[in-house]
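Engineer: I have a structure I would like to understand better, so I am pasting it below and will then ask my questions one at a time.
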Amino acid sequence: MIKEVLVLGGGSAGFITALSIKRKIPQLKVTVVRSPSIGVIGVGESTTPNFPRHLFEYLGISRKRFYALAQPTWKLGIRFLWGARGSFDYTFNLQLDSHYTDMEKPIGFYCDDDFKDASLPGALMRRDMAFPRQQNGAPDIHPWHAFHIENKKFIEILEIVAKEEGVEVTDGKVTGSERGEQGIAAVHLEDGRRLTADLFIDASGFRSELLGKTLEEPFESFDKSLFCKKAVIGGWERGEDEPILPYTTAETMDAGWAWRIDHEHLINRGYVYCPDFISDDQAADEFQKKNPKAKVETRIVNFRSGFYKRQWVDNVVAFGNAGGFVEPLESTAIMILCSHIQTLVDFLKHSDLQPTPTMRGLYNELTANTWNDIRQFLSLHYKFNGKLDTPFWKVAREETDVSGVQDFIDFYQENGPTGFCRYRLPRTENDFGLEGFLVMMVGNQVPYNKRHNASPQDLVTWKRRKEEFASEAARGIRSEEALAYVKHPGWQWNGDPPNS
Ligand SMILES: Cc1cc2nc3c(=O)[nH]c(=O)nc-3n(C[C@H](O)[C@H](O)[C@H](O)COP(=O)(O)OP(=O)(O)OC[C@H]3O[C@@H](n4cnc5c(N)ncnc54)[C@H](O)[C@@H]3O)c2cc1C
């Protein structure tokens, strides 16, 4: 029976995992060991809506405290500077996978030429507004938001909360491990200590010390679909004339794309590129030209997209970059982390802390599904981005492997953005829903045969609906003002623990 858990790694993956296990199964002894000399990766700052849900609803962290310590900003979605139309917005609520009863077709059929104000969040994003405004002037904070959060600040608050919860934290560098009947019996530290446990969590980042190095689990690469392998990262301190944008921007670049993430006091940018088409110096040059203000710690990070075929082997389960990573275009790493840790906790509880081989097998199948979903979704981003004709983008359009999602593409191209497309997705219950896939097809203006000739009445209804969204959004509230509201000592969060 599992009694002691050792988490190797004190990055966001290590601390979220340790905290989730300790909070949900408090009888377990949970220890985090991390190496200050290795440090944390320091990227991973854009999230999806399952992240606030995990923090506040699953872990019960007080919103008031979280906002005070972690200083997040809100993200309503991603602005793609992408595709033939130049730009489109992907929000966290439904825009295209919806069909109003007073209109003839689902919304995607009306967005061929003009994909703006198709929903309230879309209309808010377009106007740089974070939320609608309530009658009393305060922000109406909807659940369809995620956060931008500085990696180091986030880890600091996680460590504080984890320690309060009873997680032990020790500094030390793991230099080796000892095999035992259940898998790993102990890890050895540089300072001579030997740490034992019944369950080992590998959250050691790209080093994947236990799953990758010690157990030598095979890695499944996504390099036929996702060609980028490096990022140059930098940023600058926000100027007074620069509004906090309530979305992540993904901008097409010569040999990849660049993110922009708006924190309260910093603007962070990163150019994700394919080194087969551009050298590090050229990428840094293009990055600097695009971002003349960027000077805060410009650096290059290497990565590979893919995952270890089994995330749970014997008594080792990997989380975060130690288990896999898919390039950051849809900010999926923390999303997958929160989702997988909830699955692991469920499995541990249901097995009375004595997980069986078949349970591990099921866990590995479920987690592999989510990795593959991300690969399929991201492959569409590359296949259909017609914004630039650089050598990289020509090859991306010609050679990106989209075979895993070809049925969906074929169906879409014959029938258009209908809700029936969902039945041609590899898995209907993926993390992006049909919505995400439709946004990529409609946003990139991928041609389809079955066009809709809307009646004049239909067009009037659509115009009226868009005007309603636009006018509510125009009365909305920007991030700066909304942050001032939630930081005010009198602000009350629904659902926070009493006296928090
Ligand atoms: C370019 C890029 C952009 C990204 N953008 C996003 C994004 O926008 N959104 C998102 O969700 N994710 C993003 N990610 C992924 C992001 O890195 C992770 O979400 C997140 O930071 C998790 O990191 P981690 O905890 O797995 O690893 P790390 O932060 O690297 O932590 C590893 C920990 O293990 C410890 N460790 C390692 N080896 C040893 C050892 N031998 N002994 C002791 N301790 C050890 C380290 O000291 C550290 O504490 C991005 C990744 C890259 C590469």
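Engineer: How big is D for the stretch 49-97, in µm² s⁻¹ as a whole number, if Stokes-Einstein is applied with the Kirkwood radius of its Cα pairs at 10 °C and 1.306 mPa s? Write out the running numbers ahead of the final one.
Structural biologist: Values: Rh = 13.1 Å.
Translational D for this selection: 121 µm²/s.
Engineer: What is the diffusion coefficient of the stretch 451-494 in µm²/s, taking the Kirkwood radius over Cα pairs and the Stokes-Einstein relation at 10 °C with a viscosity of 1.306 mPa s?
Structural biologist: Details: Rh = 13.6 Å.
It diffuses with D of about 117 µm²/s by this estimate.
Engineer: Pairs LYS229/LYS295; LYS224/LYS309; LYS152/LYS295: which exceed 20 Å Cα-Cα? Can you show the working numbers first?
Structural biologist: Working: LYS229/LYS295 23 Å; LYS224/LYS309 16 Å; LYS152/LYS295 18 Å.
Flagged as over cut-off: LYS229/LYS295.
Engineer: Hey, another quick one. Which residue, TYR247, ASN321, GLY180, has the largest displacement toward the positive end of the dipole of the chain when charges sit on each Cβ (Lys, Arg +1; Asp, Glu -1)?
Structural biologist: Positive-most Cα among the choices belongs to TYR247.
Engineer: Could you estimate the translational diffusion coefficient of the stretch 358-432 from the Stokes-Einstein equation, with Rh from the Kirkwood formula over C-alpha pairs, at 4 °C and 1.567 mPa s, in whole µm²/s? Let's see the in-between values first.
Structural biologist: Numbers: Rh = 13.9 Å.
For these conditions, the coefficient is 93 µm²/s.
Engineer: Take every Cα-Cα pair in the stretch 230-302 and report what % of them are more than 22 Å apart.
Structural biologist: Counting every Cα pair in the stretch 230-302, those more than 22 Å apart make up 18 percent.
Engineer: Work out how far the C-alpha atoms of the stretch 85-195 reach from end to end along every principal axis, then list the three figures in whole Å, largest first.
Structural biologist: 69, 38, 29
Engineer: I would also like to ask the following. Summing +1 for each Lys or Arg and -1 for each Asp or Glu, what net charge is found among the other residues whose Cβ lies under 9 Å from the Cβ of VAL174? Working shown, then result.
Structural biologist: On the way: positive: LYS173; negative: GLU190, GLU209.
Summing Lys/Arg as +1 and Asp/Glu as -1 gives -1.
Engineer: Now for a separate question. What are the equivalent ellipsoid semi-axes of the stretch 314-370, built from the alpha-carbon gyration tensor (square roots of five times its eigenvalues), in whole angstrom, biggest first?
Structural biologist: Values: eigenvalues 103, 23, 18 Å².
Gyration-tensor ellipsoid for the stretch 314-370: 23, 11, 9 Å.
Engineer: While we're looking at this one, here's another question. Explain nothing, just the number: dipole magnitude of the chain about its Cα centre with +1 on each Lys and Arg Cβ and -1 on each Asp and Glu Cβ, in debye rounded to the nearest 20.
Structural biologist: Numbers: 60 positive and 69 negative charges, 92 e Å.
Once rounded to the nearest 20, the dipole reads 440 debye.
Engineer: Give me the base-10 log of I(q)/I(0) for the stretch 423-500 at each q in 0.21, 0.22, 0.26 Å⁻¹, Debye formula, one uniform scatterer per Cα, rounded to two decimals.
Structural biologist: Result of the Debye calculation: -1.07, -1.09, -1.16.
Engineer: What is the Å³ per residue value for the convex hull set by the Cα atoms of the chain?
Structural biologist: Working: hull volume 77.4 nm³, N = 500.
Residue-normalised Cα hull volume stands at 155 Å³.
Engineer: Semi-axes of the equivalent ellipsoid of the stretch 340-485: what are they in whole Å, largest first, if each equals the square root of 5 times a C-alpha gyration tensor eigenvalue? Walk me through the numbers before you get to the answer.
Structural biologist: On the way: eigenvalues 250, 133, 65 Å².
Those come to 35, 26, 18 Å.
Engineer: Sticking with this one: Would you list which lysines come within 19 Å of LYS349, measuring only between C-alpha atoms, while excluding same-chain residues fewer than 8 positions from it?
Structural biologist: Correct list for LYS349: LYS3, LYS22, LYS24, LYS29.
Engineer: Suppose every K and R has +1 on its Cβ and every D and E has -1 on its Cβ; what is the size of the dipole of the stretch 230-302 about the Cα centre, in Debye to the nearest 20?
Structural biologist: Working: 9 positive and 14 negative charges, 18 e Å.
The dipole magnitude comes to about 80 debye.
Engineer: Given only helices, namely DSSP H runs of n ≥ 4 each adding -39500 (n - 2.57), what is the per-residue ellipticity at 222 nm of the chain, to the nearest 500 deg cm²/dmol? Before the final figure, lay out the partial values.
Structural biologist: Numbers: 12 runs with 157 residues, N = 500.
The helix-only estimate for the chain comes to -10000 deg cm²/dmol at 222 nm.
Readers should treat all values here as calculations from the given coordinates under stated rules, not as data from a laboratory. These numbers were taken from a predicted model, which means no experiment stands behind them. Reconstructed Cβ throughout: ideal geometry from the backbone, glycine too, with neighbour counts over all protein chains shown.
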